[in-house]
Each structure stands twice: as C-alpha cells, then as structure tokens.
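The values are calculated or read from the model by the stated rules, or taken from the named source; none is laboratory data. Remember, predicted model here, so these are calculated numbers, not experimental data. Every residue, glycine among them, receives a Cβ derived from its backbone with ideal geometry; neighbour counts consider all protein chains shown. Side chains are part of the model used for accessible areas, which takes the heavy atoms of the whole protein and leaves out ligands, DNA and RNA. Shrake-Rupley method; radii C 1.70, N 1.55, O 1.52, S 1.80 Å.
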Amino acid sequence: MLHMPKLVDPFAREVTYLRVSVTDRCDLRCFYCMSENMTFLPKKELLSLEELDRLCTTFIDMGVSKLRVTGGEPLVRRGIMTFFDDMSRHLASGALKELTLTTNATQLHKFAQPLKDAGVKRVNVSLDTLDEEKFAEITRWGRFRQVMEGIDAADKAGLSIKINAVALKGTNDDEVHKMVEWCGQRGFDVTFIEVMPMGDMGDADRRDQYWSLKDVREELATNWTLTDIPLNTGGPANYVRVEETGGRVGFITPLTHNFCESCNRVRLDCKGQLHMCLGQEDDADMRKVLRDNPDDNQPLRDAINKAIARKPKGHDFDYSRQQIQGEMRRHMSHTGG
Ligand code: SAM
Ligand code: SF4
C-alpha cells in the first residue's frame, strides 16, 4: 500500500490545510482590517512566486491536501495566475484535493474563468453589506458594482460561492435577513464572522463593533427556520440550514465558541513566516530556510516538522473582560484570513 505522509501536531491533530497569504497589499481598506494609510512591505520581503511554489509543494508532499490562497487581496498580486496554474499539477496528481481562495471579488470579473480553468471549484467572497453606500463606507475605496460583476462572473464560470460577512454592530446588523435572503436566492452559502481583535485600529474600540454571533443567530431565528446541520467543510464554522431558502448559513465564532480542538490548519504569511495558530504570536521563519538552502528541500522539511511540533493547543481571545484578552498586533491582511 502507498504510504501517505502525515503532519501531526502534539495534540494528535493532523495538519492537512495550509492557508497562504500571497500579498499584504489590497485595493480596499475595510475599516476593521486596515487603516487608510498602510505601509506595505518591499517586494524582497515577500516570498517570490517560485518560493511560494516550492514551499507549498513541500507542504503538499508532507500531507497537506487543501490550500487556500488569501492576502491582503490575493488577486492583486502580480502574476498570481502563474501560481494557481502551477498548483494545478498537484490537483492533477491527486495529492491536492482542494485549491481555493478568499477574495474581495474586485478582480473576479477578470480572474473567475482562469481560476476555474486552473481547477479552483469554490471561492470565498468577503462581502459585508448589500448596500452600495454602506459598502463604500466599510471598504473606504470599494466600488460595489465591480464586486457584484465579479460575483456574477464567478457564478457564470461555475465556481461555487460562499459569502463571508463580518458581523458589525451598528453597521450591518440591520441587513442580516437581507443577506440570508439574497444568498438563498443566488444559491450561495453565507458565513457570518465575529470581528476579531487584530491589527491596530487607532482610536476605534473593537468592543463597540463586536456583535456576538449568538445574538446574530437569535435575530435570524425571528424570521427564518434554522436547522442545525453537521457539515464539515474542514473549516471552523457551525452550519444551519434555512428551511425557507434551502440555503446554508455558517457561524464562525472564535470568541464565543472555541473551535481549536479540531484545528487542522496552519498559516503562511506573505513574508514566509509560518503561524501555527492565528491567535498566538509564535511563528517559524520558512523564508530563511528557503533562501539559505536553494537546492535542498530537506532543511525545509525539517523546519516544517519542527514548527508543527510547536503548534499550540489553542488561542485566547476574549472580549468579555475589561481588557481585550489575547489581542494581536498582527493585521489579518498579513497573516491572511
Ligand atoms: N482580501 C480578501 C478578502 O477580503 O476576502 C482576503 C483577505 S481578508 C484579510 C480575509 C477575511 O478576513 C475577510 O473575510 C475579512 O472580512 C476578514 N477579516 C479581516 N479583518 C478581520 C477582523 N478584524 N475580524 C474578523 N474578520 C476579519
Ligand atoms: Fe482588503 Fe480583505 Fe482586508 Fe478588506 S478584509 S481590507 S478586502 S484584505
């Protein structure tokens, strides 16, 4: 029998899922994610497309079967289709089961079909509102119509679409029913996400924006019949079926529900630092190992094994205390959502 490699952490969790941030740059400035004036990394700090290929290929050789490309906005990275096209060889060999991405959809009108051709089947699209003006407020620079065109192009190309919406008190709390209805009509799953204490927000207080998904679910239940469904997408969401639309709604609750027990993932940021847990500071420098050993992958494999052996049991975000516990200085756009 063929020996299948496995990456297993100290808590017996198999690591099969790698999220790769391919850029810290973005063409939007969502207020909960970035400040308006961001300083981005110089190019040499980023992994090149060749380095990304080498590193992802090594992870796949070691047992990773799902790859999610994220950012920043992954589709603004120059040449990114080369990376997707190159990764499709691992889909063809069967080593990689899923190649996917998280995007704000601004560039999907151009990339939907090429992504489909590269073997991408599903995309997660981040969209917090269906209101054009509110969209401009949340994203600061965003053009709602362009995003809608992108979503239409993805739909037309046959990509299955999941909408991710960050639940923001005082911003989109009046729209949750509309989002569920629209996604139901379009045949998209929708997942609500609690705002996490990432990055530097200046004077804004994250606790003012925080809307517990327990409350979101209660609000939805006033209008829709929600039935719990056991759906394991390899992600941290809990799902319900909306009986009236037949659509699915997911809830990602890093703050009210601890999903660490079944964590199967690690994250590679755009500088090649491997983060074993989104909510802990510890990381491992893969870029140095890559650049120090241009012709030998064994040191890279050793570094990956050593890093996985340090994967912590879980994170410790908590808004309920006086201070925001477990707050991270890192931006989501660095590590990738
Ligand atoms: N630019 C792409 C996008 O928006 O889909 C990919 C990167 S973005 C950092 C990935 C996800 O992280 C998005 O769904 C975004 O809404 C989410 N996100 C960003 N900052 C967040 C925060 N502070 N709390 C919760 N989710 C956040
Ligand atoms: Fe850009 Fe995504 Fe962050 Fe919005 S959430 S600023 S689209 S990286």
Worksheet entry | Within segment 17-335, percent of DSSP bridges classed antiparallel, to nearest 5 | 35
Worksheet item: Hey, which aspartates and glutamates would be in cross-link range of Lys97, C-alpha to C-alpha under 17 Å, not counting anything within fewer than 8 residues on its own chain?
Response: Glu14, Asp53, Asp61, Asp85, Asp86, Asp117
Practice prompt. Report the extension gain between Gln298 and Thr227 in nm, rounded to one decimal, defined as 0.36 nm multiplied by the number of residues separating them, less their alpha carbon distance.
Written response: 20.7 nm
Worksheet item: Per residue, how much accessible area does the chain show when a 1.4 Å probe rolls over the protein heavy atoms, in square angstrom?
Response: 46
Worksheet, complete the sentence: With label points set 7 Å from each Cα along the Cα-to-Cβ direction at Glu14 and Ser48, the distance between them in nm comes to 3.5
Discussion item. If amide hydrogens are placed 1.01 Å from N in the peptide plane, which non-local residues have theirs closer than 5 Å to the one on Trp211?
Written reply: Lys169, Val195
Discussion item. Just to be sure I understand the model, the point goes 7 Å from the Cα along the line to the Cβ. What's the resulting Asn37 to Asp215 distance in nm?
Written reply: 3.4
Worksheet item: Under 13 Å Cα-Cα from Lys169, which aspartates and glutamates qualify once same-chain neighbours fewer than 8 residues away are excluded?
Response: Asp128, Glu194, Asp205, Asp208, Asp215, Glu219
Worksheet entry | Entries of Lys110/Lys271; Lys271/Lys311; Lys116/Lys178 with Cα pairs more than 23 Å apart | Lys110/Lys271; Lys116/Lys178
Worksheet entry | Gyration tensor over alpha-carbon atoms, segment 97-165, equivalent ellipsoid semi-axes in Å | 22, 11, 9
Worksheet entry | Nearest-10 value in Å² for the accessible area of Asp295, using the 1.4 Å probe | 150
Worksheet item: From a point 7 Å beyond the Cα of Asp282 in the direction of its Cβ, which residues of segment 10-42 have a backbone N at a distance under 11 Å?
Response: 10-11
Worksheet, complete the sentence: All alpha-carbon distances of the chain, grouped into 20 Å bins from 0, give the whole-percent distribution 31, 61, 8, 0
Worksheet item: Per the 1.4 Å probe, what fraction of the accessible area of the chain, in percent, lies on carbon and sulfur atoms?
Response: 48
Response to the item:
Here segment 33-48 yields Karplus 3J(HN,Hα) values (6.51, -1.76, 1.60; θ = phi - 60°; whole Hz; Gly and Pro given as x) of 10, 9, 8, 5, 9, 9, 9, 9, 6, x, 4, 5, 6, 7, 5, 6
